[in-house]
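The values are calculated or read from the model by the stated rules, or taken from the named source; none is laboratory data. Note that the coordinates shown come from a computational prediction; the quantities given were computed from them, not determined experimentally. Note that we place each Cβ from the backbone using ideal geometry, even for glycine, and neighbour counts take in every protein chain shown.
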Amino acid sequence: MPVDPYVVPALDGVAYGLLVFVAAAGLVLCFGVAGILNLAHGTLFAVGGYTAAALLDGSWPSLALALAVGVAAATAAGALVAVLLTRVAAAGHLTQALLTFGVALAGGSLLVAAFGPDDPPVRVPAALDGSVAVAGHRYAAYRLVFIVVAAVLAGLLHLVVRRTRAGMLVRAAVDDAEMVATLGVSPAAVRVGVLAAAGALAGAAGVLGAPIIGPGPDTADAVLLLSLVVVVLGGLGSTTGTLLAALAVGQIQTLGVALAPSAAPFLLFAAMAVVLAVRARGLATTRTAT
């Protein structure tokens, strides 16, 4: 089978997979590392997406402004979710899921009321609103740049979680909250910090990914579903496993459409079934992030 016609879909799969990973990285922190199930995570992504649609005018300053505002808004929203979770954090994942699902519904309704029910257009900087030559094909310049930026973010996240004191405190606060408290660090403050950081990641993904996955009424649900899929497939708490799962999902979604359009809607679920049948705990089996 000739490979050449599938170069562009494969690159699209990399861009899509990295976008899903950056969006899902906040869930890795919340659920896999901090033990908090936040079903409002997709709404935080949508906050960034709608911010990009509202502020981007095709210039670099507007992109910087959209990133600043989108990340700040999603960070504040994540911290607010953490405050709401204060009384139910120890009540179990079901209670957390019900509360954050309610927040997601309310937040989604507010976004639709503010920005309308239609998918708004998103304008990228003029320098990136074109195509470049890749392996003899023309490919969107913005997506190529996004691949590089998302790869850098993935590397930085891995280093922060595994190599910094902040990452150590987050993992320790889940495993032994009393020990962390004896060090003079409040587990509740760690929880707020984790959800705020997860919101920042979701907001950044929403702004940068808006030209790829445009904001709309269904965006939050779609991003949450894909994020949950890659977090489970990758192994709870594993940034490396989540990255591999996200890249695989990206290829399935894009190459699947190119190779088998009629079967494409079922390929993702088939792949999930195969992975979980072989490795029930996902691609990675450790609970702490790796």
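Restricting to the range 53-74, and then to whatever is in contact with a helix residue (DSSP H, G or I) (Cβ under 6 Å, 6 or more places away or on another chain) and within 23 Å of Asn38 (Cβ to Cβ), can you tell me which residue is surrounded by the most Cβ atoms within 10 Å (Cβ to Cβ)? Write out each step before concluding.
Going residue by residue through the range 53-74, those that are in contact with a helix residue (DSSP H, G or I) (Cβ under 6 Å, 6 or more places away or on another chain) are 55-56, 58, 62, 65-67, 69-71, 73-74.
Next, from what is left, pick out any that are within 23 Å of Asn38 (Cβ to Cβ): 67, 69-71, 73-74.
Numbers: Leu67: 19, Val69: 18, Gly70: 29, Val71: 22, Ala73: 20, Ala74: 31.
Among them, the one singled out is Ala74.
Among helices (runs of 4 or more DSSP H) lying entirely in the range 10-124, which contain 1 or more residues that are within 16 Å of Leu201 (Cα to Cα), over 13 Å from the mean Cα position of the chain (by Cα) and not small (Gly, Ala, Ser)?
On the way: elements: 41-55, 60-84, 93-115.
Here the list reads 41-55, 60-84.
Please tell me if Pro61 is touching a residue at least 60 places away in the same chain (Cβ under 8 Å) and not charged (D, E, K, R). Against the criterion (touching a residue at least 60 places away in the same chain (Cβ under 8 Å) and not charged (D, E, K, R)), Pro61 does not qualify. Within the range 36-53, being in contact with a Lys or Arg (Cβ under 9 Å, 6 or more places away or on another chain) and at pLDDT below 90 holds for one residue alone: Ile36.
Exactly one residue out of Arg138, Arg165, Arg171 is loosely packed, with under 15 Cβ neighbours inside 10 Å and at pLDDT below 80, and it is Arg165. When residues in the range 218-243 are screened for being under 17 Å from Leu29 (Cβ atoms), in a helix (DSSP H, G or I) and not hydrophobic (A, V, I, L, M, F, W, C), 6 of them pass. Entry remark, the range 256-289: residues being at pLDDT below 70 and over 26 Å from Leu11 (Cα atoms) number 7 in total.
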